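Shown next, in structure tokens, is the structure this report addresses.
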Amino acid sequence: MRDVIGVNEPFEGLFSAKVRSICSLEFGFLGRQDGLLWYKDSGHHVSGEFSMAVVQANNLLEDQSQVESGSLSTHEFGPYGTFVGVYDGHGGPETSRYINDHLFQHLKRFTSDQQSMSADVIRKAYQATEEGFMSLVTKQWPMKPQIAAVGSCCLVGVICGGTLYIANLGDSRAVLGRVVKATGEVLAIQLSTEHNACIESVRQELQALHPDDSQIVVLKHNVWRVKGLIQVSRSIGDVYLKKAEFNREPLYIKFRLREPIKRPILSADPSISVHQLQPHDQFVIFASDGLWEHLSNQEAVDIVQNHPQSVRYIFYAKKSEYLN
């Protein structure tokens, strides 16, 4: 599936104690459906507006997306802001659904404990989500062992108090549209770090972490893959590449490694960046790799800038191409 969430004017709006949660949605519920396209043209969050669109590329919808706006803690007095999540699942829908149900709740709990938003809060929320899904796999392993090979990329954006936090596992991407005052041009600025073995620095990182494994990254069918199996090096789930007890029978043989796992091959530690929003920051695009395989950062920003209310039609026109 291909996800895109555009958050407009993230720097506008002051948060007050009277603000309540104003948006909580999953595609197919509050959005609209047109064949394999789910979309929401326009919605409001405490800092501005957003729009969302999804094109289903598989028979089974493996991905989830969410926007939550209002209190970012379990307390009514805040802090207030907006949470955006894009969860690009693979191998099945279980991990992305689990993230959708639990990550934001963990974030609210840790925000309450710390009484503020921070990169540390977000990292703890990711860790708790990973640990929770591992516990689920442990419980279901005897009846449903293939759940060990289900995982998800996890891209999150949090806007709070004029600060934008971006956290990422995998190869989804967040791109900012920023106006150049001198020319009026809107430039694309990538905010997220990606973890895909096609990136040389990612391969080097894996090789440094596993110096005794000459097959840690393998070029297979002209695509770099971790252990010849998966392109992303960081994810939630995919526990068959994190714990040896889940890389054995009755897991399908195509997922089983010849040698036992000595240390986790994949990581669930997100790359996190923090940005102070400025008046010339216009919008942020959050999308899975399906979008970025077809559009450059600047092309996507140009589309949103030039057609802010017509993005869904552009993606609808691309649907057949995405499904090939």
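The values are calculated or read from the model by the stated rules, or taken from the named source; none is laboratory data. As the structure is a computational prediction, the values presented were derived from the model and not from experiment. Glycine also receives a Cβ, built like all others from the backbone with ideal geometry; neighbour counts cover every protein chain displayed.
Condition (residue is at pLDDT 70 or above, assigned to a loop (DSSP other than H, G, I, E, B) and crowded, with 18+ Cβ neighbours inside 10 Å) applied to the range 34-45: is it met by at least one residue?
There is no residue in the range 34-45 that is at pLDDT 70 or above, assigned to a loop (DSSP other than H, G, I, E, B) and crowded, with 18+ Cβ neighbours inside 10 Å.
Give me the residue from the range 147-164 that is over 13 Å from the mean Cα position of the chain (by Cα) and part of a strand (DSSP E or B) and, out of that set, farthest from residue 96 (Cα to Cα).
163
Tell me whether the range 176-185 contains one or more residues that are assigned by TED's automatic domain parsing to the domain that holds residue 273, closer than 20 Å to residue 99 by Cα and of a type in the set (Ser, Thr, Tyr).
No; the residues of the range 176-185 include none that is assigned by TED's automatic domain parsing to the domain that holds residue 273, closer than 20 Å to residue 99 by Cα and of a type in the set (Ser, Thr, Tyr).
Restricting attention to the range 211-225, does a residue exist that is assigned to a loop (DSSP other than H, G, I, E, B), in contact with a strand residue (DSSP E or B) (Cβ under 7 Å, 6 or more places away or on another chain) and either assigned by TED's automatic domain parsing to the domain that holds residue 277 or surrounded by fewer than 18 Cβ atoms within 10 Å (Cβ to Cβ) (or both)?
Within the range 211-225, not a single residue is assigned to a loop (DSSP other than H, G, I, E, B), in contact with a strand residue (DSSP E or B) (Cβ under 7 Å, 6 or more places away or on another chain) and either assigned by TED's automatic domain parsing to the domain that holds residue 277 or surrounded by fewer than 18 Cβ atoms within 10 Å (Cβ to Cβ) (or both).
Does at least one position in the range 90-108 carry a residue that is over 17 Å from the mean Cα position of the chain (by Cα) and either touching a residue at least 24 places away in the same chain (Cβ under 8 Å) or closer than 23 Å to residue 289 by Cα (or both)? Before the answer, list the steps.
As a first pass, look at the range 90-108 and keep what is over 17 Å from the mean Cα position of the chain (by Cα): 108.
From the residues that got through so far, the ones that are either touching a residue at least 24 places away in the same chain (Cβ under 8 Å) or closer than 23 Å to residue 289 by Cα (or both) too are 108.
Yes, some residue in the range 90-108 is over 17 Å from the mean Cα position of the chain (by Cα) and either touching a residue at least 24 places away in the same chain (Cβ under 8 Å) or closer than 23 Å to residue 289 by Cα (or both).
Can you name the number of the only condition in (1) surrounded by fewer than 18 Cβ atoms within 10 Å (Cβ to Cβ); (2) modelled with pLDDT of 90 or more; (3) not polar (S, T, N, Q) that residue 284 fails?
Every condition holds for residue 284 apart from (1).
Which count do you get for residues in the range 279-297 that are in a strand (DSSP E or B) and farther than 18 Å from residue 86 by Cα?
2
Checking residue 76 against (1) modelled with pLDDT under 95; (2) closer than 23 Å to residue 271 by Cα, which single condition isn't satisfied?
(2) is the only condition that residue 76 fails.
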